[in-house]
1. Working only within the range B:436-460, note down all residues that are touching a helix residue (DSSP H, G or I) at 6+ places or on another chain (Cβ under 9 Å), within 14 Å of chain A (Cβ to nearest Cβ) and either without any contact (Cβ under 8 Å) to a residue 60 or more places away in the chain or surrounded by fewer than 24 Cβ atoms within 10 Å (Cβ to Cβ) (or both).
2. Looking at the range A:95-111 only, could you name the residues that are more than 8 Å from chain B (Cβ to nearest Cβ) and of a type outside the set (A, V, I, L, M, F, W, C)?
3. Pairs, please: C-beta under 9 Å, at least 6 apart or cross-chain, first residue over 15 Å from B:ILE68 (Cβ atoms) and in the range B:383-400, second aromatic (Phe, Trp, Tyr) and not in a loop (DSSP other than H, G, I, E, B)?
4. Please return the ranges of helices (runs of 4 or more DSSP H) entirely within the range A:509-614 where 2 or more residues are more than 9 Å from every other protein chain (Cβ to nearest Cβ), closer than 28 Å to B:PRO107 by Cα and touching a Phe, Trp or Tyr at 6+ places or on another chain (Cβ under 9 Å).
5. Exactly one of (1) within 13 Å of another protein chain (Cβ to nearest Cβ); (2) closer than 25 Å to A:LEU127 by Cβ is unmet by A:ALA29. Its number?
6. Would the range B:380-387 turn up any residue that is at the interface with chain A (Cβ under 9 Å from one of its Cβ atoms), surrounded by fewer than 24 Cβ atoms within 10 Å (Cβ to Cβ) and aliphatic (A, V, I, L, M)?
7. Looking for whichever is surrounded by 15 or more Cβ atoms within 10 Å (Cβ to Cβ), of a type in the set (Asp, Glu) and within 32 Å of the chain's Cα centre (by Cα) here; the options are B:ASP337, B:ASP252. Which one fits?
8. When the range B:39-64 is examined, which residues are found to be within 15 Å of B:ARG280 (Cβ to Cβ) and in contact (Cβ under 8 Å) with a residue 40 or more places away in the chain?
Number of protein chains: 2
Amino acid sequence: MPEAVSSTDRMAELGQQLRVDAVRACAEAGSGHATSSMSAADLMAVLLAKHLRYDFDAPEDPGNDELIFSKGHASPLLYAMFTAAGAISEDELLTFRSDGSRLEGHPTPRLPWVEVATGSLGQGLPLGVGFALVTARLETTGSRVWVLCGDSELAEGSVWEAFEHAGTSGLDNLTAIVDVNRLGQRGPTRHGWDVDAYSRRIRAFGWNVIEVEGHDPDQIDRAFATATGTTGMPTAIVARTSKGKGVAAVEDQEGAHGKPLPDTEEAIRELGGRRSMRVRVARPESLRRGSPRRSEPKLPGYEVGAEAATRTAFGEALTALGHARSDVVVLDGEVSDSTRSGYFAEEHPERFVQCYIAEQQLVAAAVGLQARGWVPYLATFAAFLTRAHDFLRMAAVSGANLRVVGSHAGVSIGKDGPSQMGLEDLAMFRAVAGSAVLHPCDANQAAQLTAGMADLDGISYLRATRGNTPVIYGPEETFPVGGSRVLRSSPEDQITLVAAGVTVPEALRAADRLAEAGIPARVIDLYSIKPVDTATLRTAAEETGRLLTVEDHWPQGGLGAAVLEAFAGGPPPPRYTTLAVRAMPASATPEEQLRHAGIDAEAIADAARALAAS
Amino acid sequence: MPEAVSSTDRMAELGQQLRVDAVRACAEAGSGHATSSMSAADLMAVLLAKHLRYDFDAPEDPGNDELIFSKGHASPLLYAMFTAAGAISEDELLTFRSDGSRLEGHPTPRLPWVEVATGSLGQGLPLGVGFALVTARLETTGSRVWVLCGDSELAEGSVWEAFEHAGTSGLDNLTAIVDVNRLGQRGPTRHGWDVDAYSRRIRAFGWNVIEVEGHDPDQIDRAFATATGTTGMPTAIVARTSKGKGVAAVEDQEGAHGKPLPDTEEAIRELGGRRSMRVRVARPESLRRGSPRRSEPKLPGYEVGAEAATRTAFGEALTALGHARSDVVVLDGEVSDSTRSGYFAEEHPERFVQCYIAEQQLVAAAVGLQARGWVPYLATFAAFLTRAHDFLRMAAVSGANLRVVGSHAGVSIGKDGPSQMGLEDLAMFRAVAGSAVLHPCDANQAAQLTAGMADLDGISYLRATRGNTPVIYGPEETFPVGGSRVLRSSPEDQITLVAAGVTVPEALRAADRLAEAGIPARVIDLYSIKPVDTATLRTAAEETGRLLTVEDHWPQGGLGAAVLEAFAGGPPPPRYTTLAVRAMPASATPEEQLRHAGIDAEAIADAARALAAS
C-alpha cells in the first residue's frame, strides 16, 4: 500500500531507498551513473513525497507537474523514483540500460512519464521554460515545473538563456534544483562547493535563490514550500551535496563518475539495506483540456506572374493559420520583421513568444510547448538555426513535433555576406531523425507548405528566401510532403534539371536557353527535399539519361545528396552533375552572388550542355 | 598628417566623423547598419584615439591589441575607423558591400586588420576570450583585447559562457564594451536602457563593471583607463547610448535598423559635415614571436592483431605531438577522460585549456588561439559538437585552422543511448566550408591522422570511437588526407564495400562470408571522407559493378553521400545500396546496436548478396 511520506525520518529513508535502487540498477546494468544519482537522492525524495503533484495513471493530464532531469545521466534516480511511486516494478527497474528496456541510459519519452529526452547537458532548464510558458501564457493549469540540474552543466550558455528568459518573464511556476556535488566527469567543477558563486549569478538574472544543505530533508522541504509560495519570480534551490553520498568508497571521490559502485552488496549494507517503500504521490486536480478550435485556414493567394518572397508568404499564411487554429503558437528569435513571423504577432499577440536572440532557448521553448499539445512554429535566419543544432538533435530523440522556418537561406540574400547566409541548413535538417525538409520556390507553394506543416509529425523545416521570386503556381494548387513538380517535360528530353527555391526560376530560364540550343530539358521542382520523390526522379533519370542538380547551398548533404540517395536500392542514376556553392561568398548583389556561385541560369545551361554532350 | 587626438573636443569631432563616414558608406551601398554604427561611434573614437595600440602597417605584430566587433553589423563604423587610421582610403570606404570589395557587410579577414569574422551575434566575446588566453597563458605580449558588443546579443548563452570563462580565469587583458542602445532589430531589447540589469549580471560573473554615458568622451576615456589599469579581473564598460545618435530623423527611433538614413545629405549636415581627420594610433612595442620548436613526433605504435580504441590512439598521439611541437595547444569541454585528451593534459598542463561544458566557448577559444599562430586541437563527444555548429560555420568564414576531434561517435558507444551518440557529425562537418573529415578505423591510423592534422589548413575533423577495434595497419603506414585503403581486392570482385571506422571490421567480416558464398568483394577503408578518393572509388565501381556503403551515422550527408558525390561529373556509379542508422537507437550493447541498425557484418553480407543478385 502506498503511504504518505512526510516525516523527516521517512523522507530520509526514502532518500536511502532511492540510492539503493539506483545502485542496484547500475550494478545490474554494469554501467550507469550511480554516484550522480546519490547526490540528488534526498532532493528528489522530498520532492516526490511532499511537493510533486503527478498522477502516474494519467500522464497526459494537463494538471500534472512536470519533472525534468536536466542531469539526465542521473536516470537511475529517476527510475528509482518511478519505482517508489509504483509506476514501474522492481523487475523493470533492473532492466536498466538493457536491450529493449524503456529504462534507457538517459531518459526518453519511451516512458510515459518522461515528456522530453535529456542527456545532452544544459537542455533541461530551457525545456522547463517551455513548459512553464504554457501555464504562464496559454492555459490555466496550476501545474508546476521542477528541473533537476547538475552543477557542471551551468557552464552551458543555454542554461543562462533560460535563467534570463524565466527571470525576466517572472515564471513563478518554475523551480530549478541545482545539485552542487562539486565533481564533474573528469574532476572538480569550476566552482566546486562555492554554492554562493551559483547563487549570485542566478540571483542577478532575477530569480529567487535559496541555498540548502542538500541532504537535510527539512531544509529541502522548506525550500520547496517557499518556491511554491513565491510569486512573480522563479525559484532556484541551490543545494550543496556529496556525489556518491552515503557510501564511503565513493562519496566525494574523484574517479567514481559514471560507473557502478565497486562493491554493490557492501554499498547496500552501508545505505541501510533494501527497502520497498511505496509513496503516495499527490495528484493534481484533474483537468481536461478543451479541444482547440480548428478550421481550414484562408490562405493568402498570389497571382501567377507576380513576384513575392517566400518568407512573406510564410508570414501571411502563418497569420491565417493563427485565425483558423487556436493551438498555433509562434516563437521568434528577435528577427520577426525579417522572417515575417511578425505578421502573426500583430494579429495574435497572445500566442506569440519573443525569445530574443537566444536560438537554443527558442527551440527548447517550442519543444516544451508541443509536449503540452500546442502547435509551435519557430522562425529565425536559416544560418542561425545552426546555433540550436544540438537542441534540434535532442528534439528528435524526444519525438517532438516542431515546425521550424529558416529565412534568408543561401547566397541569394545578397550583400550581407556569408555570416548571414544559411548554406548548411539542408544538410543539418536532413540529418535530423524523422525530419521533413521543404524548400518552396514561390509564394503560393510557401503558403501551402506552411499550413501543411501544422499537421506533420516530427521536425519539419521550411527553408525560405529573402528576395522575391516569380509566382509560378496558382493559389489553389497543393503540394504534398514527399512530392515534387515536373515543370517542363517532353518525351524528347535529354536531361533533367532538379532545383528548389531560388534555383527553380534559374533552371526554368536555363531550360529555355537549352531548348533554343536544341537540348530539351525536363525541370523538376524538388520542393520536398526530405522525404524525396524517388519515383519521379527515377523516371526522369531513365527517360532523359542525364541528371543535373542545382542548389543555393554547400555541395554537401543538401538537394544534390537527396537526389543521389534516391537511387539507392534501385537502378543507378545516369551521368550527373551537381551545381552548388563551392567558394566562400562575399558581399554582392543577389544576381552577382548566383553568378559567382555558378548556380544561375547561364551556369546551369552551360553545365547542362557539357553534361548532355558527355 | 595623422594627429594625436586627445582633447575632449577632438574626440567628439572624431566620433562625428566616424558617424558621417558610416552614413556615407551605407548610403553608397544602399544598405548596411548606419544607426547601429552611430550609437557606438564615440566609444570607438575614444578607443582609437587614446587606448588602442595597433600598428596598421604590421597587422601580424603579436604586440598589437585585438579589436573585435562582436556586433559585426556595425561594420561601417569599423571601416570608418580604418579610414580615420589611414589604413584604407575614402574611395575604398565607399566600396562598402559592393562586389569584390574587402569591406563586406560584416567584417571578415579579407581585411588584414580583421582576424576573425563576426556577424553571427554572441560570438565576439567568446572569440575575445580565445585571444586573451594567449596573453594570459601562453606568451607575454602586453596586448589587450577589446570587444564591442551589442546589447541584444547579450541574450545569447554563448556570451555568458565567455563572461564565465574570462571572469573565473581573471583575464584582465580583456575589455568588453557593451553598446546599450536600447533597440534591437525589430524593436526594444529585453532590458531597454536598464543598464544596471546588464551590470548586475556581468558583475556576478566576476567582472569589473563600469557604467558610462556612451556619448561622453571624457567618461569613456576614464573607463578605458580604468580597464587598462585593472588587474586580476576583466572589465566590462556598459555604455548607455542612442541608436542613430546625432540625426533626429533616426535617433532612438524604431524601424531604422539596418538601413541607410532617409536623407544622407541632411544627416551629414546635422552631424557637422564631412571631416577628414587622420588619427595617429599608438603602436605597441614591436614584438617578434620566436619560432615554435617542431620535430617529428614519436607516435605510439600498436601491434597488428591487437585491439585498441581510436580515441585512445588520438590521446596518445596528441601527447607525443605535444612533445615534438611547442605550438600545439589542447582544449577540453570537461570530458578529457573520455576523449583521452587528458593524456596531453598530464604531460603538457601549461598548454591545456579547460573550457568546462561550454562547447561554444571551446570552439571560439580555439579560433582565437589559432589566429595568434597557435595550433589548437579541441575534443569532446561528437554529439556535443553540434552545440558549436554556428561557431564552426563562422570559423570557416574566418578561414580558421582548427583541429576538432569528436569521440563516442555512432551507435557503437552502446548503452548510453542516443543523446550521447554522434550520428550527424559527418553531415555537419562535411558541410563546413573547406573542411577535412577523417574517420580512422584502427589505432595506428588514428595516431597518424591525428599528427597529420597539425599541418592541415582549414577545419579538420577526426571522428573517433569509444570501443576497441582491431589493429589492422602497421605503425609505419601513412594515410594521406584524400586517400583511402583498398583492404581486399581481386580481379573477380563482384561488389565493392565502402566503410570507415567501426564498419571497416564489419565489412571485412562480411567479405569473408561473401567469399564463402562465392561472391568476392572489394573492401575500401574510406578514412578520408572529405576530401574523398574519387579515383579509387570510380575504379572500384567500374571493376566490380556494384557499390555498397556502410556507416555508423544517419543515412543523410555522411559517408554514403560522400561516395555518391564522387561520381558527379564523371561516369555514373553502378547500382548501389547505402547502409546506415535508420531508426532511433535506444540502450543496448555495442554489438546489439550494430545489429539493430543493420550495419554489422551479417547485415552487410545480406545486403551485398541482394545487391549482387540484382
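The values are calculated or read from the model by the stated rules, or taken from the named source; none is laboratory data. All figures in this text were calculated on a predicted structure; none of them were measured in a lab. Cβ atoms come from the backbone with ideal geometry, glycine included; neighbour counts cover every protein chain shown.
1. B:GLY458 - this is the single residue of the range B:436-460 that is touching a helix residue (DSSP H, G or I) at 6+ places or on another chain (Cβ under 9 Å), within 14 Å of chain A (Cβ to nearest Cβ) and either without any contact (Cβ under 8 Å) to a residue 60 or more places away in the chain or surrounded by fewer than 24 Cβ atoms within 10 Å (Cβ to Cβ) (or both).
2. A:THR95, A:ARG102, A:PRO107, A:PRO109
3. B:LEU385/B:PHE429; B:LEU385/B:TYR461; B:THR386/A:PHE391; B:ARG387/A:PHE391; B:ASP390/A:PHE384; B:LEU392/B:PHE429; B:LEU392/B:TYR461
4. Those helices (runs of 4 or more DSSP H) do not exist here; none qualify.
5. Evaluating A:ALA29 over (1) within 13 Å of another protein chain (Cβ to nearest Cβ); (2) closer than 25 Å to A:LEU127 by Cβ leaves (2) as the failure.
6. There is no residue in the range B:380-387 that is at the interface with chain A (Cβ under 9 Å from one of its Cβ atoms), surrounded by fewer than 24 Cβ atoms within 10 Å (Cβ to Cβ) and aliphatic (A, V, I, L, M).
7. Of the residues listed, the single one that is surrounded by 15 or more Cβ atoms within 10 Å (Cβ to Cβ), of a type in the set (Asp, Glu) and within 32 Å of the chain's Cα centre (by Cα) is B:ASP337.
8. Passing the criteria: B:ALA45, B:VAL46, B:LEU47, B:LEU48, B:ALA49, B:LYS50, B:HIS51, B:LEU52, B:ARG53, B:TYR54, B:ASP55, B:PHE56.
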